[in-house]
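**Student:** I have a structure here, written as structure tokens, and I will follow up with some questions on it.
The values are calculated or read from the model by the stated rules, or taken from the named source; none is laboratory data. Keep in mind the model is a prediction, meaning the values are calculated, not measured. Heads up, the Cβs are rebuilt from the backbone with ideal geometry, glycines too, and the neighbour counts pull from every protein chain shown. The protein model used for the area step is the full one, side chains on, heavy atoms only, and it has no ligands, DNA or RNA in it. Shrake-Rupley method; radii C 1.70, N 1.55, O 1.52, S 1.80 Å.
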Amino acid sequence: MWWPDRRLLCVSDLHLGKSGRHIRRGGTPLPPYDTADTLARLAGDLARTGAETVVCLGDSFDDPQAASDLGDEMRDRIAGLQAGRRWIWIEGNHDPGPVGPVGSGGAHLPGWTCGPVRFRHIARPDARGEISGHYHPKLRLPTRGRTVTRAAFLVDEARMILPAYGTYTGGLHADAPELHALMGPRAIAILTGATPRAVPLAAVLARR
């Protein structure tokens, strides 16, 4: 999410180190390139926007050990992305508490307010002017005889919920009860991709 007036880039749910945690939990090994790929895409977005402030909206690491296990190369990459920028790590449920991500710079906060907007990891039902992550919304749409599923932003008058940015991070369908309960009747889903597409969430719910 790019906020040009504030020169602010917000990304959510990077889940750095997810492939390592997957192995630690006994899962089938995954190619261990997710952290490098996620940071490379983030570097590209920082170069395109020239962001002066970066907000990582929680679950930046798949767990605290994933932050500790980062090698020197990935630590250096993060330090390079942070150089010359204000960097804010918001706590998530995967990386709770005052975990100092990889000992690098940046503030680590439970939430952060910028002007009329409150950034936090998990949406609160009674909040307004809120930007959050956590749910990794995605949307499945029929198109030209096939079905396409993409990560999606959810937006209504009170809030925006960001999709996950991490390479291996999955998603929750936009018509899930948890998201339906948070979003207002005029909410829209904005599919990510080369050509973003906005869809009324009510139309998605009507197809269930």
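**Student:** Before anything else, pin down the relative contact order of the chain: Cα pairs under 8 Å, at least 6 apart, normalised by residue count, whole percent.
**Tutor:** Details: 450 pairs, mean separation 38.2, N = 208.
Reported relative contact order: 18 percent.
**Student:** Helix 34-49 against the longest principal axis of the chain: what's the angle in degrees, Cα atoms only, rounded to the nearest 10?
**Tutor:** Helix 34-49 and the main axis of the chain meet at about 80 degrees.
**Student:** Something else now. Given R₀ = 22 Å, what would the calculated FRET efficiency be for Ala36 paired with Ala107, taking r from the Cβ atoms and rounding to 0.05?
**Tutor:** That pair, Ala36 with Ala107, gives E of 0.35.
**Student:** Let me ask something additional. Roll a 1.4 Å probe over the protein heavy atoms and report the accessible area of Arg86 in Å², nearest 10.
**Tutor:** Answer for Arg86: close to 130 Å² accessible.
**Student:** If you don't mind, there's one more thing I want to ask. Under a 5 Å amide H to amide H cut-off, with H placed in plane at 1.01 Å, what residues pair with Val148 once short-range neighbours are removed?
**Tutor:** Leu141, Thr143
**Student:** From the backbone phi of the stretch 175-185, what are the Karplus-calculated ³J(HN,Hα) couplings (6.51 cos²θ - 1.76 cosθ + 1.60, θ = phi - 60°) in whole Hz, Gly and Pro given as x?
**Tutor:** After applying 6.51 cos²θ - 1.76 cosθ + 1.60, I find 8, 5, x, 4, 7, 4, 5, 8, 8, x, x Hz.
**Student:** Report the gain in length on full extension from Ala198 to Asn93: 0.36 nm times residue separation, minus Cα-Cα distance, nm rounded to one decimal.
**Tutor:** Result: 34.9 nm gained on full extension.
**Student:** Here is a follow-up. Let's test this: bin the Cα-Cα distances of the chain at 5 Å from zero up to the farthest pair and state each bin's percent.
**Tutor:** All Cα pairs, binned at 5 Å, distribute as 1, 7, 15, 20, 20, 16, 12, 7, 2, 0 percent.
**Student:** Once Lys and Arg get +1 and Asp and Glu get -1 on their Cβ, which of Gly133, Gly184, Ile88 lies farthest toward the positive end of the dipole of the stretch 76-208?
**Tutor:** Gly184
**Student:** While we're here: How large is the charge dipole for the chain, taken about the Cα centre, if only the Cβ atoms of Lys, Arg (+1) and Asp, Glu (-1) carry charge, to the nearest 20 debye?
**Tutor:** 780
**Student:** With angles folded into 0 to 90 degrees, how steeply does helix 72-82 sit against the dominant principal axis of the chain? Use alpha carbons for both and round to 10.
**Tutor:** Helix 72-82 sits roughly 60 degrees off the main axis of the chain.
**Student:** How large is ³J(HN,Hα) for each residue in the stretch 188-196, as worked out from phi by the Karplus curve 6.51 cos²θ - 1.76 cosθ + 1.60 (θ = phi - 60°), to whole Hz, x for Gly and Pro?
**Tutor:** Calculated HN-Hα couplings, in order: 10, 10, 10, 6, 7, x, 4, 10, x Hz.
**Student:** What residues qualify as long-range amide H neighbours of Leu14, i.e. H under 5 Å apart, gap of 5 or more or another chain, H built at 1.01 Å from N?
**Tutor:** Ser60, Tyr165, Gly166
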